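Bear in mind these aren't lab numbers, they're just calculated from the coordinates by the rules spelled out. Predicted model, so just to flag it, every value in this text is computed and none were measured. As a convention, Cβ positions derive from the backbone with ideal geometry for all residues, glycine included, and neighbour counts pool all protein chains shown.
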Amino acid sequence: MDFVRLYKKEFMRGQRSFGATLVITLCVMLFFFTRIGRWDTGLPTLVAMMVVFGFGIAAFIKSFDSLKEEWKHDNQYLMLSLPVRGYSILGAKLAYFMTEFGSHMLLIGAYTAIIMLAEIRSSNTLGNDLYGGIASSVWRAYGLCVLPTLYILTGAGILGLFSYTVVLTIKKFGFWVGTASYILPLWLLSDLSSAVMKVSPGWMHIEIPLSKVLSLGQIESALDRSGGVINFAGLLNGTYVGIDMASVLVWTAGMIGLFYLASWLLENKAEV
């Protein structure tokens with residue numbers, strides 16, 4: 001398959017930076033882990049979270065840059081003459097983008113959770129039951145964020161590929177064209193999504209109490225046994241996590257449309 005071969009090409013070209021970044025982030029997180037007890041409580045976790053944010057920005061920038069080499073050296077013309085379809089070229093780049101930055105974001109999130117739990121444990125003021133409840137809630141929160149994180153990264157990658165393809169198709173006023181081709185789809189999809197949410201049937205809107213999602217009952221039971229009086233479920237009363245499936249369908253259809261529009265532009269590049 002063209003897609004598999006192109007993905008292997010992307011992976012072989014980026015494997016050194018991919019591996020080096022994994023090693024660097026692991027070393028950075030291990031350094032933060034050794035700062036527990038030496039730095040003020042909470043500071044190692046805070047700095048680790050800043051690293052997560054930094055990688056989010058890097059993913060955003062990377063999404064714009066993934067077509068640069070092909071367009072710079074006109075490699076896309078060679079690949080399209082084989083022939084290779086535009087969606088295979090873009091799909092391989094998007095898949096490698098998700099492999100590289102998706103794995104980084106998930107691993108860094110896991111490292112941050114581990115550091116935070118280690119800091120909590122280091123205080124030596126929590127019983128095993130209470131710590132176990134907190135750990136369960138933290139990992140539930142991490143799991144809850146996995147799919148949204150990957151979904152958002154995929155969207156960022158598609159928008160970046162679409163914008164970059166538009167810029168190099170319409171070379172006049174490149175900066176403004178690129179900015180408009182990124183912001184305009186976001187604006188249109190956001191407005192359409194909001195409109196659809198207002199008229200979508202109730203069964204397409206899924207809501208779950210946050211206290212149930214995070215399984216806070218285990219923490220409350222541990223507090224009750226130790227004489228604690230904090231009612232987490234009460235504190236989070238009325239707080240829900242939810243998703244509107246109609247809105248998700250709008251965003252998904254929009255991103256698929258942008259992906260295939262970028263593929264069409266790649267195969268039918270018209271300079272104006």
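In this label model, Ala195 and Val52 are separated by 3.6 nm, measuring between points 7 Å along each Cα→Cβ vector. Computed from phi, the 3J(HN,Hα) profile of the stretch 147-154 under the Karplus parametrisation 6.51, -1.76, 1.60 (θ = phi - 60°) reads 5, x, 4, 5, 5, 5, 4, 4 Hz, with x in place of Gly and Pro.
Cβ-to-Cβ counts within 10 Å put Glu207, Glu267 in ascending order as Glu207, Glu267, the fewest first.
Exposure proxy shown here: for Asp191, Asp129, Asp244, the number of other Cβ atoms within 10 Å sets the order, fewest to most, as Asp191, Asp129, Asp244. With Cα atoms defining each centre, the stretch 84-108 and the stretch 1-22 are spaced 9 Å apart in the structure.
Would you mind checking the pairs Lys8/Lys171; Lys8/Lys198; Lys93/Lys172; Lys93/Lys198 and listing those with alpha carbons more than 32 angstrom apart? Over 32 Å apart, Cα to Cα: Lys8/Lys198; Lys93/Lys198.
Within the shell defined by Cβ-Cβ distances under 14 Å, the residues around Val4 carry a net charge of +3, with Lys and Arg each +1 and Asp and Glu each -1.
For the pair Val146 and Trp176, label points projected 7 Å from Cα toward Cβ lie 4.6 nm apart.
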